[in-house]
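The values are calculated or read from the model by the stated rules, or taken from the named source; none is laboratory data. Everything quoted here is computed from the prediction, not taken from an experiment. Backbone-built Cβ (ideal geometry, glycine too); neighbour counts: all protein chains shown.
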Amino acid sequence: MKRYKLFINNEWTESSGGLYFTSVAPSTGEPIAEFASATPQDVDRACIAARRAFEVSWGEMDPEKRADLMLKAAGIMRRREHELAEWEALDTGKPIAETAGFDIPFSIVAMEYFANLAREVQGHVVPARNEPNKVCFDFVTYEPYGVVAVISPFNFPLHLLTRSLCPALAAGNTAVCKASSATPMTTSILGEILLEAGFPPGVVNIVSGGGADAGEALASHREVDVIGFTGSESVGRRLIELSARSPILKKLVLELGGKGPFIVEADADLTEAVESTILGLAYNQGEVCCAMTRLIVHEDIHEAFLGRLASAMNALRLGDVLDPKTQMGSLISAAHLQRVDRYVKDAVRAGAKLVCGGERYTVPPCDKGSYYRPTILDDVNADASCWRDEIFGPVLSVRRYRNIGEAVRIANDTTFGLGANIFTRNYRTAFWAGRRLNAGSVWVNIQNGSQIAGPFGGNKNSGMGREYGVFGLHEYLKIKNNVWNMGSDPMK
């Protein structure tokens, strides 16, 4: 079994506490590898190394050189692409069809895309009002903050790490990365890749485990300027608290929870809507922040749509995560499965109709993992916890509506605002509704998703800031206005 130490200042080093923890495959319950468990003292070493690297190498490095190193890392990732996909599938419990088809390729694309954007950071000239006998020059520059703490979740370990890490590096920042203790494997492998690519010492440091003590030590460290975090609303709120208590406020880029509504109009293409719902709900076992989990369906097509959707869900193939034909894998843990199941059971007791699913899936080889059948709950009450809370599993809650105005009101009646979908052939309706849906992204006639060049992030309790594209790059650049008195006008 592999054993990974902490990666600090380009060295693999033991934890000061000397402790290790074991990562377990959710689909089998078998151990995968051991990882050093970081202490606050280890976090301190990593942050100091990152600050030193920012000041002596990376922050002052020519953007062309930074881009070259990032592209070299991307090339090594491509060489190890299949290996990364296998480890990601084992570590997360998701099918290899997903890790090989999206997670790892998108991580590589992020490294390449932001490497090239490193060359494109430009300033602006502001028209200056010249005073008598003075010529003024006003210009704006974009500069790196310094040290970025990147804290990534368990559901897309490498993908959601790189979407924050890569723009931070391209902008000239250094980083300390902390993956979820449930899925640390590919983050540690990334340390091997960056070392081989020739990154200077301290530019990227990786600490694992350590629980809340290590995480809070990182988020509150004096050397950390920016926190890039993807995860739960509760942890996001805690990070805001830690920043507020810090002597110097930190910038926060937070992508938190979601409770994605999707509206299906009476004129929608039902085949297209069903296929999109399957991808939007069951992908990654529903462990997706922007998953399509609240179906708001027109009363005229309610029965027909649910019938077709239930048939499609029942046909999904659950199985061995390393089998390319497997469509759904295991939830991240037995404890999380119990939480998902508790939401379903509570909803049924409160009067919701169980259309399909609603139970653990135990047909071999799934009997040793935490597999849960995709589930539909119909006629859910607006106050039900399954309608309000982020379940983070393959559970769809359903309500019906009469007109598009009512549908939008139902969709917006939530504390979240990450993504929303609408299915209709009437583009006037789509435009009207899209303007009024309170979400960071609105998808029309397509499932939830993201593109590397398009902004992604949430409103309300779904977070702050945006990832991807030039929008994501600029989250890791601070703006400086420079006003110079150039002296007297030489023509006067």
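For the range 109-221, please list each of the strands (runs of 3 or more DSSP E) lying entirely inside it that holds at least 1 residues being surrounded by fewer than 24 Cβ atoms within 10 Å (Cβ to Cβ), acidic (Asp, Glu) and in contact (Cβ under 8 Å) with a residue 12 or more places away in the chain. It would help to see each step written out before you state the result.
Working: elements: 124-126, 136-144, 147-151, 174-178, 204-207.
Output list reads 136-144.
Identify the single condition in (1) crowded, with 17+ Cβ neighbours inside 10 Å; (2) touching a helix residue (DSSP H, G or I) at 6+ places or on another chain (Cβ under 7 Å); (3) of a type outside the set (Gly, Ala, Ser) that Phe456 does not satisfy, given that it satisfies every other one.
It is condition (2) that Phe456 fails.
Determine if the range 236-251 includes at least one residue that is surrounded by fewer than 24 Cβ atoms within 10 Å (Cβ to Cβ) and either in the same structural domain as Ala382 (by TED's automatic domain parsing) or part of a strand (DSSP E or B) (or both).
So far as the range 236-251 goes, yes, one or more of its residues are surrounded by fewer than 24 Cβ atoms within 10 Å (Cβ to Cβ) and either in the same structural domain as Ala382 (by TED's automatic domain parsing) or part of a strand (DSSP E or B) (or both).
Among what's in the range 428-449 and is buried (at least 19 other Cβ atoms within 10 Å of the Cβ) and within 15 Å of the chain's Cα centre (by Cα), pick the residue that is farthest from Thr277 (Cα to Cα).
Only one residue tops the list, namely Gly440.
Take the conditions of a type outside the set (Lys, Arg), surrounded by 14 or more Cβ atoms within 10 Å (Cβ to Cβ) and not assigned by TED's automatic domain parsing to the domain that holds Ala128 and apply them to Gly469. Does it pass?
No.
Please verify whether the range 21-41 includes one or more residues that are free of Cβ contacts under 8 Å to residues at least 40 places away in the same chain, touching a Pro at 6+ places or on another chain (Cβ under 7 Å) and of a type in the set (Ser, Thr, Tyr).
Yes, there is a match, as at least one residue in the range 21-41 is free of Cβ contacts under 8 Å to residues at least 40 places away in the same chain, touching a Pro at 6+ places or on another chain (Cβ under 7 Å) and of a type in the set (Ser, Thr, Tyr).
At negative phi, among the polar types (S, T, N, Q) and in contact with a helix residue (DSSP H, G or I) (Cβ under 6 Å, 6 or more places away or on another chain): which single residue out of Ser441, Ser397, Ser450 fits that description?
The unique qualifying residue is Ser397.
Here is a check on your reading of the model: is Val288 within 25 Å of the chain's Cα centre (by Cα), in the same structural domain as Asp269 (by TED's automatic domain parsing), within 25 Å of Lys460 (Cα to Cα) and not hydroxyl-bearing (Ser, Thr, Tyr)?
yes
State yes or no: is Gly215 at pLDDT below 95 and under 19 Å from Arg3 (Cα atoms)?
Spelling it out, it is not the case that Gly215 is at pLDDT below 95 and under 19 Å from Arg3 (Cα atoms).
Ala273: aliphatic (A, V, I, L, M) and either within 23 Å of Gly472 (Cβ to Cβ) or surrounded by fewer than 21 Cβ atoms within 10 Å (Cβ to Cβ) (or both), yes or no? Explain how you work it out, then say what you get.
Details: aliphatic (A, V, I, L, M): yes; either within 23 Å of Gly472 (Cβ to Cβ) or surrounded by fewer than 21 Cβ atoms within 10 Å (Cβ to Cβ) (or both): no.
Against the criterion (aliphatic (A, V, I, L, M) and either within 23 Å of Gly472 (Cβ to Cβ) or surrounded by fewer than 21 Cβ atoms within 10 Å (Cβ to Cβ) (or both)), Ala273 does not qualify.
Can you tell me how many residues within the range 309-333 are in a helix (DSSP H, G or I) and surrounded by 14 or more Cβ atoms within 10 Å (Cβ to Cβ)?
The qualifying residues number 4.
Would you be able to say whether some residue in the range 252-275 is polar (S, T, N, Q) and under 29 Å from Met111 (Cβ atoms)?
no
Just one of (1) more than 24 Å from the chain's Cα centre (by Cα); (2) surrounded by 16 or more Cβ atoms within 10 Å (Cβ to Cβ) trips up Cys47, so point out which.
Of (1) more than 24 Å from the chain's Cα centre (by Cα); (2) surrounded by 16 or more Cβ atoms within 10 Å (Cβ to Cβ), only one is false for Cys47: (1).
Can you find even one residue in the range 291-298 that is small (Gly, Ala, Ser), over 18 Å from Leu377 (Cα atoms) and touching a residue at least 12 places away in the same chain (Cβ under 8 Å)?
The answer is no, given that none of the residues of the range 291-298 is small (Gly, Ala, Ser), over 18 Å from Leu377 (Cα atoms) and touching a residue at least 12 places away in the same chain (Cβ under 8 Å).
What are the residues in the range 385-440 that are touching an Asp or Glu at 6+ places or on another chain (Cβ under 9 Å) and among the aromatic types (Phe, Trp, Tyr), if any?
Passing the criteria: Phe392, Tyr401, Phe416, Phe423.
Taking the condition buried (at least 17 other Cβ atoms within 10 Å of the Cβ), free of Cβ contacts under 8 Å to residues at least 60 places away in the same chain and in the same structural domain as Thr162 (by TED's automatic domain parsing), does Pro105 pass?
yes
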